[in-house]
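The structure appears right after this line, and notes come after that.
The values are calculated or read from the model by the stated rules, or taken from the named source; none is laboratory data. No experiment lies behind these values; they were computed from the predicted model shown. Here the Cβ is made from the backbone with ideal geometry for all residues, glycine too, and neighbour counts use every protein chain on show.
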């Protein structure tokens, strides 16, 4: 991977303060508004992670909105390309899963379709933060995404399950009460992206700070 984008290599802080909570809430609202034009949805997602990583790194003097729009502009092209891939992969495999269920296909085909949907979901979950974090060509971003997913497959699966549960909860709120569903949109994006950011930032830290070993195979403390 290439060098991180203007972000100091320091250990992340997992301490959630009122200020960080408000920053993630604001990021969620900015993301939601900037996704409305659709064409900017990919860049807005990258911008969220661009700022979110800085928040978790405890970077000083973070101006959330200003940095968000900087990230939006900086990642617009790659974010747009990634959003097209998201539409094709998530939409395509989602349609495949719907077809297998509605047309009463065999359980084997349904499981294959579920696996394809999960793989696409994990790939997209990792791709946007990688775009936000690293300077690289789009082709290398895609290759690095696949490599990182396989390297940290256990973490990827755990994160995906958590995100699917959060999405299911929000869908349930809409089904139970339309007003409650819309009200949840004030908090849901920030919550969803917070858990994604903190997990991916921890993985990025491991990538950027590989453990070194001595001749005996013991880890060297730095």
Filter the range 127-139 for residues that are surrounded by fewer than 21 Cβ atoms within 10 Å (Cβ to Cβ), in contact (Cβ under 8 Å) with a residue 24 or more places away in the chain and in a helix (DSSP H, G or I) and give the result. 138
Given the structure, is residue 120 within 21 Å of residue 210 (Cα to Cα), surrounded by 13 or more Cβ atoms within 10 Å (Cβ to Cβ) and either at pLDDT 90 or above or in contact with a strand residue (DSSP E or B) (Cβ under 6 Å, 6 or more places away or on another chain) (or both)? no
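Only one residue in 30, 56, 26, 36 is modelled with pLDDT of 90 or more and farther than 27 Å from residue 84 by Cβ, so which one is that?
Details: 30 fails: farther than 27 Å from residue 84 by Cβ; 56 fails: modelled with pLDDT of 90 or more; 36 fails: farther than 27 Å from residue 84 by Cβ.
Sole residue among the options that is modelled with pLDDT of 90 or more and farther than 27 Å from residue 84 by Cβ: 26.
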Which numbered condition in (1) more than 14 Å from the chain's Cα centre (by Cα); (2) over 19 Å from residue 194 (Cα atoms); (3) assigned to a helix (DSSP H, G or I); (4) free of Cβ contacts under 8 Å to residues at least 60 places away in the same chain is the only one that residue 144 fails? (4)
Looking at residue 175 and the list (1) touching a strand residue (DSSP E or B) at 6+ places or on another chain (Cβ under 7 Å); (2) at pLDDT below 90, which single condition is not satisfied? (1)
Looking at 194, 205 in this structure, which one is under 17 Å from residue 162 (Cα atoms) and at pLDDT 85 or above? 194
Check 102, 90 and return the single one that is surrounded by fewer than 19 Cβ atoms within 10 Å (Cβ to Cβ) and more than 24 Å from residue 50 (Cα to Cα). 102
List the helices (runs of 4 or more DSSP H) inside the range 14-122, counting only whole elements, that have at least 3 residues being in contact (Cβ under 8 Å) with a residue 12 or more places away in the chain and closer than 21 Å to residue 185 by Cα. 18-35, 41-56, 64-74
